[in-house]
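A short write-up of the structure that comes next.
Every read-out reported here was derived from the displayed coordinates using simple, explicitly stated rules and does not represent laboratory data. Since this is a predicted model, take the numbers as computed values, not measurements. Cβ sites come from the backbone with ideal geometry, for glycine too, and all protein chains shown count toward neighbours.
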Amino acid sequence: MSTIAKASLNAAQQQVLDQLGSTDRPVFDPALRAQLRHELDQAFEPMIPAIPKDEPLFVSKRSIGMVHSCEQLFVADKTEEFQWSVPIARGIVSHKAIELLVGYRGNPTPLELVESAIARLENDAYGPGDFLLGLDEGERAELVALANDRVTTFMETFPPLERNWRPVTESKVRAEFANGQIQLSGKIDLQLGYARGNEAGKVTIDLKTGRSHRTHIDDLRFYALIDTLKTGTPPRLLVSYYLEQGTPHTEAVTEDLLWTAARRTAEAIGRMVELQSEGVVPERTPSGACTFCPLRTSCEAGVAFLAERAQTA
Ligand code: SF4
């Protein structure tokens, strides 16, 4: 995968290169794409009448994760107004800065990339533009410092992105079912490599700013599923890259993995549709997700969980 001289990499970068740069390229059945689509078509068919024609169901890794984690959180997230904060904006700014790194000429510093990312996001009507423009000088400085830390870590621990790896950042993937009534979509942080026919070659990378969690694997499997529905050839490797630790967690893509992702997706969407019906009461399942839940101060189960966790911490 690499033409980088070994001596130019530090130990962390070399570890990433060794883990991601395998030459093992599995070959997938060309019928897999149609088989997965057929399976999902069949699973979705009974759900379609319950989805309003003018309100397609948009499904993301986040919504699937929420409905599997706590149904009440999924419902609350749809109804409560989203609030930007500096820690939340840190993620989007860091990702944007890394996106810019791919195309930047010369040798930009992390701070230059972060400032450039913020300047672009300030003009984004659908993102955090208004929030960023409304920050006072102290808040803005805090955001720059937090994002600078993430980008610096990425540049220190990830090998420099070579153009012949075909790096793609913030790549959008989408799969539509039932004439667009159900839409699966995602934005992949970073992709390297490419398929050659049915021979897989792509590495799909999700950049993570917190601790490792089981759901991160499911997020990447969902992306692999959509990518397979899109192109027919799955990625060969899924990678959660933890910026704070500077380490990748990897999983090789197999057919079984894709079928598991398809079933998990269909189950989640089935429950999302049910939860839209009158009289269906969402279950409350306390977990680490309570920390970020908009109901964390009013939900009895969540309040008790967080209090107990604080005592044992
Ligand atoms: S506070 Fe926890 S248990 Fe309650 S709705 Fe939110 S995520 Fe679910």
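Looking at the chain only, what percent of DSSP beta bridges run antiparallel? Nearest 5 please.
Working: 20 of 29 bridges.
So the antiparallel bridges in the chain amount to around 70 percent.
List the lysines whose alpha-carbon lies under 21 Å from that of K172, not counting same-chain residues fewer than 8 positions away?
Partners within reach: K61, K96, K187, K202, K208, K230.
How do Y242, Y104, Y194 rank when sorted from fewest to most other Cβ atoms within 10 Å of their own Cβ?
Numbers: Y242 19, Y104 13, Y194 16.
Taking fewest neighbouring Cβ atoms as first place, the list is Y104, Y194, Y242.
With the cut-off at 1.5 for a/c, could you classify the range 83-186 from its C-alpha gyration tensor as rounded, prolate or oblate?
Numbers: a/c = 2.34, a/b = 1.17, b/c = 2.00.
It is oblate, given that a/c is not under 1.5 and a/b is not larger than b/c.
First select every other residue whose beta carbon is under 13 angstrom from the beta carbon of S298; then total the charges, Lys and Arg +1, Asp and Glu -1.
Values: positive: R284, R296; negative: E80, E300.
It works out to a net charge of 0.
For the range 146-204, which semi-axes, largest first and in whole Å, follow from the square roots of 5 times the eigenvalues of its Cα gyration tensor?
On the way: eigenvalues 162, 71, 9 Å².
For the range 146-204, the semi-axes come out at 28, 19, 7 Å.
For D130, D189, D18, what's the fewest-to-most ordering of other Cβ within 10 Å of each Cβ? Walk me through the intermediate numbers first.
Values: D130 11, D189 22, D18 14.
Fewest-to-most Cβ neighbours within 10 Å comes out as D130, D18, D189.
What is the set of long-range amide H partners of I182 at a cut-off below 5 Å, with H atoms built 1.01 Å from backbone N?
The answer is L57, F177.
Determine the principal axes of the Cα atoms in the chain, then give the extent along each, sorted from largest to smallest and rounded to whole angstroms.
Here the spans come out as 63, 54, 42 Å, largest first.
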